[in-house]
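Read-outs: derived from the displayed coordinates by stated rules, not from any lab. A quick note: this is a predicted structure, and the numbers were derived from the prediction, not measured. Note that we place each Cβ from the backbone using ideal geometry, even for glycine, and neighbour counts take in every protein chain shown.
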Amino acid sequence: MSNKATDIVIGSYISLKGKIWKVIDKMHVKPGKGGAFIQATLKSIDGIKLEHRFSSSDNIDNVLVERRSCQFSYKEKDILVFTNSQTYEAVEITADQVPAKTMELLNIFADENIEFMVEYADEKIIDVILPTSITVKIDEADPVVKGQTAASSYKNAIIKSNVKIGVPPYIEAGDKIVVNPYGEKGIEFVQRA
């Protein structure tokens, strides 16, 4: 399916230079001289970022992406096996199929009994999307420092897989919290569960 460059939508996928790219950002630019253009930030499924300038009249090949809900089943060596929630088929995901950051998050959160969205283009896995709210248990937490009651002060805590995150001073070992795996600084505390 082909559209004009002006119809590019952030979050959509396009085909360019023989690869599939996700549109991360776009800006419509009308310079004082010359024709208008679209400045887009693209990211390939292997993690490469590209700044690309499209003429307003360029045709773009959109890639149809299908999302399927899956749940973690088990891990076998470097392969994560999920079950498709609708068809109950096994879906195997390896490190070469998804971006490195996604694989890192999957290795941390795969056994949390949560639904993942697996994105396919032409029946090929291109990414896995985790929910933005995941409940985890605090394994260890630093003690509260006297006087550390300001709302913006955080202490270190360890969740599964020895991942260190910042939490408010009132959180203790054994507490359950909600985290966002896509926080600006990595995995971020959201609230007490």
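Brief remarks on what is shown
- Cα gyration tensor shape for the chain, rounded if a/c is under 1.5, else prolate or oblate: oblate
- The local environment of Gly186, defined by Cβ-Cβ distances under 15 Å, has a net charge of +1 under the rule Lys, Arg +1 and Asp, Glu -1.
- Rg over Rh for region 134-192 works out to 0.93, both radii taken from alpha-carbon positions and Rh defined as the Kirkwood radius.
- Modelled label positions at Lys124 and His28, each set 7 Å beyond Cα in the direction of Cβ, lie 3.3 nm from each other.
- Relative contact order (percent, whole number), the chain, Cα cutoff 8 Å, 6+ residue spacing: 13 percent
- Estimated distance in nm for a label pair at Glu140 and Ala95, the labels positioned 7 Å out from Cα along Cα-to-Cβ: 2.5 nm
- Three-way shape call for region 16-61 based on the alpha-carbon gyration tensor, with the a/c threshold at 1.5: prolate
- For Ile114, nonlocal amide neighbours, meaning residues 5 or more places apart or on other chains whose placed amide H falls under 5 Å from its own, are Phe72.
- Neighbours of Phe54, meaning other residues whose beta-carbon lies under 10 angstrom from its beta-carbon, give a summed charge of +2 when Lys and Arg score +1 and Asp and Glu score -1.
- Taking chymotrypsin sites (Phe, Trp or Tyr not before Pro) as exposed when DSSP calls them loop and at most 14 other C-beta atoms lie within 10 angstrom, the chain has its longest site-free stretch at 1-87.
- Our estimate of slack between Ile48 and Lys4, defined as 0.36 nm per intervening residue step minus the Cα-Cα distance, is 13.5 nm.
- Cα-centre dipole for the chain with unit charges at Cβ (Lys and Arg positive, Asp and Glu negative), debye to 20: 840 debye
- In terms of other Cβ atoms within 10 Å, Lys19, Lys77 run from fewest to most in the order Lys77, Lys19.
- DSSP loop GluC sites (Glu not before Pro) with at most 16 other Cβ within 10 Å: longest gap in the chain: 1-88
- Ranked list, fewest to most other Cβ atoms within 10 Å of each Cβ, for Met117, Met27: Met27, Met117
- Greater than 22 Å apart at Cα, pairs in Lys4/Lys30; Lys43/Lys124; Lys22/Lys137; Lys49/Lys124: Lys22/Lys137
- Local charge for Glu66 was computed over the other residues whose Cβ lies under 9 Å away, with Lys and Arg +1 and Asp and Glu -1, and equals 0.
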